[in-house]
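Please read the structure below before turning to the comments.
The values are calculated or read from the model by the stated rules, or taken from the named source; none is laboratory data. Remember, predicted model here, so these are calculated numbers, not experimental data. Cβ placement follows ideal geometry from the backbone for every residue including glycine, while neighbour counts extend to all protein chains displayed.
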Amino acid sequence: MYDFSGQVVLVTGAASGIGRASAERFFAEGASVVLADRNLEGVQSVARELGQDERLHCLGFDAIDRASCIDMVNDALGHFGRLDVLCNIAGIAGGWRLEDMPPADWQRMIDINLNSLFHITQAAIPALVESRGNVINMSSASGKQGQPYGTCYCASKAGVIGFSKAVAAEFASRGVRSNAICPGGVKTPIYDNYTFPENAEMALIDRMRSLPGFGEAEVSDITAMILFLASSEARFVTGVAFDVDGGQLAL
Amino acid sequence: MANSLPTGRAAYDFNGLKVLVTGGTAGIGLATAQYFADAGATVTITGTREAPQQYSDEDLGRFDYRQLSLLSRDSIDALCASVDALDVLVNNAGGTGGAQTPYAFEESVQVNLNAVWQLCQGLLPRLHEASAPCGASIVNVASEMSLYASPWFPGYGAAKAAVVQLTKTLAAQHGAAGLRCNAVLPGSIPTRMTRSFADDEAIHDAVCQRTPQQRWGDPAEIASAVLFLASAEASFVNGHTLVVDGGYSITDA
Ligand SMILES: NC(=O)c1ccc[n+]([C@@H]2O[C@H](COP(=O)([O-])OP(=O)(O)OC[C@H]3O[C@@H](n4cnc5c(N)ncnc54)[C@H](OP(=O)(O)O)[C@@H]3O)[C@@H](O)[C@H]2O)c1
Ligand SMILES: NC(=O)c1ccc[n+]([C@@H]2O[C@H](COP(=O)([O-])OP(=O)(O)OC[C@H]3O[C@@H](n4cnc5c(N)ncnc54)[C@H](O)[C@@H]3O)[C@@H](O)[C@H]2O)c1
């Protein structure tokens, strides 16, 4: 229903979940897509399922590492020669009791969920200025609400909103838009490895789970928002953190 | 504008759907009604005048037309009674009442807030009967003055802020039944309502300067957001206010 033909979209986290579904939908709507992920085999298998089209390009990278982020962007730019939409989607989740959280886990999550946006966007911004393109950053309802055992995840996702709005403010006059999306819990593999800490107070978790819409979104609900924001339909929308949560944050 | 705007519109399919856009005779409402009609919907618009032919600047011939005064409870009730099927309600009619002659506080709250509630109450039964594939929904038009204070329009600002909250309340009340309610929050858009500001070079330029995208918006850009929120693409978006302001609000909390 959109026409992204002639446009190049870079999607991180494209091996799984929201990133994968976004890459598939951008491809279906005509875009050339760079699928980047730590799991190179994963993105290669997505590309195989999509028919190994020449509009697809797979790249392995590790978001934890600045040099790897920059190399990935440069490789993407070298391959298709332009960039119209950057989707920063790769990320990890997890819960810790504040008292017990190991500093190395804190650092790792902040590096992947937040610092990688700085590295990737910094490397990509000249190409986005040239194409008058836009950036979509994956935050979370956790970026706006406090969640028990989520000190690090919430901080990383709140940071994503701040980063996204600042990019919008800094680059609007050069034609680049930047928006964030705040899903309220989507059925994806991210929760497969998610465990609440031992001795977690279940009442706190149940209160969160009882919010309307919690955990009920499908990936297609999120990709629909990503495509709208990426499209020219949203050309006057910038600096927004968009809730896709079935009303969770409204109450 | 130094550079041309990105163009190209999404191929929404609202075929077979019934849409009511209040205040569809001009500005944002007309742009929204046109976009819905282009996407195949059957669109009813309202205006304060008796007949659509009385709006000589615009060709409203493709729309079903009803007279509506938001100042009159009887008029609102009559409109609701005359609607026999509805999938999407766009509460767009409203305004400051003219830059120089603002509505009195109570009048402005009636037009911009109470009437929205009254129309929703009157039309909810029809919306709950709807079987649209995208699910029935309500889209309210809020305002930059939902967020910011203006010395000129106390009733308008209070009412538009309340519309954001009412949007959440309706989302909470009706979400379980599959009816969604969202709002769009337009930045500065040149329409009849804002003409005296848009025509004043100092005000026009001050808005551009304060807006990161450095321009006023276009009614079609608000229509884009309304159609997105009403479409199946936004089937999990509920209670949200979508800001379409070229970044005007980024610099604030
Ligand atoms: N323009 C902006 O910058 C801006 C920004 C934020 C929000 N908004 C909101 O967007 C909506 C549309 O405004 P617009 O800018 O498109 O203004 P507009 O061009 O003046 O259109 C206003 C529409 O509302 C109708 N209307 C006004 N007062 C009414 C009343 N008392 N009873 C019934 N209908 C009434 C008008 O009908 P008639 O043609 O018969 O008068 C017209 O169809 C309003 O809710 C406004 O508050 C506008
Ligand atoms: N699923 C939800 O409920 C939800 C809610 C809010 C926000 N989010 C956010 O959405 C994004 C995608 O989540 P998802 O649910 O699709 O998860 P997912 O686990 O299905 O996919 C995440 C992808 O990111 C990749 N990735 C992780 N760490 C990486 C690294 N260091 N370098 C490169 N790639 C890496 C993974 O390989 C995987 O393919 C994340 O940022 C997540 O925080 C998800």
Requested in this report: Looking only at the range B:195-212, decide whether some residue is at the interface with another protein chain (Cβ under 10 Å from one of its Cβ atoms), without any contact (Cβ under 8 Å) to a residue 40 or more places away in the chain and under 19 Å from A:Ala234 (Cβ atoms).
Outcome: yes
Report task. Return yes or no: is B:Thr241 facing chain A (nearest Cβ under 7 Å) and at negative phi? Result -> no
Query raised in the report: How about the range A:164-195: which of its residues are away from chain B (no Cβ under 12 Å) and either more than 10 Å from ligand 2 (Cβ to nearest atom) or closer than 13 Å to A:Ala241 by Cβ (or both)?
Result: A:Thr195
Report task. Scan the range A:36-63 and report the pairs whose first residue is more than 14 Å from every other protein chain (Cβ to nearest Cβ) and acidic (Asp, Glu) and whose second residue is assigned to a helix (DSSP H, G or I) and more than 16 Å from ligand 2 (Cβ to nearest atom), with Cβ atoms within less than 8 Å and a gap of 6+ or a chain change. Result -> A:Asp53/A:Phe27
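Residue-wise test of (1) touching a helix residue (DSSP H, G or I) at 6+ places or on another chain (Cβ under 7 Å); (2) modelled with pLDDT of 95 or more.
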| residue | (1), (2) |
| --- | --- |
| A:Pro102 | no, yes |
| A:Asn115 | no, yes |
| A:Pro126 | no, yes |
| A:Tyr149 | no, no |
| A:Ala168 | yes, yes |
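Residue-wise test of (1) more than 22 Å from B:Cys120 (Cβ to Cβ); (2) within 14 Å of another protein chain (Cβ to nearest Cβ); (3) within 16 Å of ligand 2 (Cβ to nearest atom); (4) not charged (D, E, K, R).
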{"position": "B:Gly24", "(1), (2), (3), (4)": "no, no, no, yes"}
{"position": "B:Ala33", "(1), (2), (3), (4)": "no, no, no, yes"}
{"position": "B:Asp38", "(1), (2), (3), (4)": "yes, yes, no, no"}
{"position": "B:Ala41", "(1), (2), (3), (4)": "no, no, no, yes"}
{"position": "B:Thr44", "(1), (2), (3), (4)": "no, no, no, yes"}
{"position": "B:Gly47", "(1), (2), (3), (4)": "no, no, no, yes"}
{"position": "B:Ala51", "(1), (2), (3), (4)": "yes, no, no, yes"}
{"position": "B:Gln54", "(1), (2), (3), (4)": "yes, no, no, yes"}
{"position": "B:Leu60", "(1), (2), (3), (4)": "yes, no, no, yes"}
**Report entry** Complete set of residues in the range B:22-48 that are in a loop (DSSP other than H, G, I, E, B) and without any contact (Cβ under 8 Å) to a residue 40 or more places away in the chain
**Finding:** B:Thr25, B:Gly40, B:Thr48
Report task. Scan the range A:1-24 residue by residue and report those that are surrounded by 24 or more Cβ atoms within 10 Å (Cβ to Cβ) and either of a type in the set (D, E, K, R) or part of a strand (DSSP E or B) (or both). Result -> A:Val8, A:Val9, A:Leu10, A:Val11, A:Thr12, A:Arg20
Query - Search result, residues across the range A:202-251 that are more than 7 Å from chain B (Cβ to nearest Cβ), surrounded by fewer than 20 Cβ atoms within 10 Å (Cβ to Cβ) and at pLDDT 90 or above - result: A:Glu218, A:Ser220
Query raised in the report: If B:Pro151 satisfies every condition in (1) closer than 20 Å to B:Leu229 by Cβ; (2) more than 12 Å from ligand 1 (Cβ to nearest atom) but one, which is the exception?
Result: (1)
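Can you give me the ranges of the helices (runs of 4 or more DSSP H) entirely in the range B:138-253 with at least 3 residues that are surrounded by 19 or more Cβ atoms within 10 Å (Cβ to Cβ)? So that I can check it myself, show each step before the final result.
Working: elements: B:154-174, B:195-198, B:201-210, B:219-230.
It comes to B:154-174, B:219-230.
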Report task. Output the residues belonging to the range B:213-232 that are in contact (Cβ under 8 Å) with a residue 60 or more places away in the chain, touching a Phe, Trp or Tyr at 6+ places or on another chain (Cβ under 7 Å) and facing chain A (nearest Cβ under 7 Å). Result -> B:Phe228
Requested in this report: Quick one: in the range B:177-215, of everything that is within 18 Å of B:Ser150 (Cα to Cα) and in contact with a Pro (Cβ under 7 Å, 6 or more places away or on another chain), which residue is nearest to ligand 2 (Cβ to nearest atom)?
Outcome: B:Ile189
Query raised in the report: Looking at (1) at negative phi; (2) crowded, with 21+ Cβ neighbours inside 10 Å, which is the one condition that is false for B:Arg9?
Result: (2)
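So that you can scan it fast, the table gives a plain yes or no per residue for (1) under 20 Å from the mean Cα position of the chain (by Cα); (2) buried (at least 17 other Cβ atoms within 10 Å of the Cβ); (3) within 16 Å of ligand 1 (Cβ to nearest atom):
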{"position": "A:Glu49", "(1), (2), (3)": "no, no, no"}
{"position": "A:Cys58", "(1), (2), (3)": "yes, yes, no"}
{"position": "A:Phe61", "(1), (2), (3)": "yes, yes, no"}
{"position": "A:Asp75", "(1), (2), (3)": "yes, no, no"}
{"position": "A:Leu83", "(1), (2), (3)": "yes, yes, no"}
{"position": "A:Ile89", "(1), (2), (3)": "yes, yes, no"}
{"position": "A:Glu99", "(1), (2), (3)": "no, no, no"}
{"position": "A:Pro102", "(1), (2), (3)": "no, no, no"}
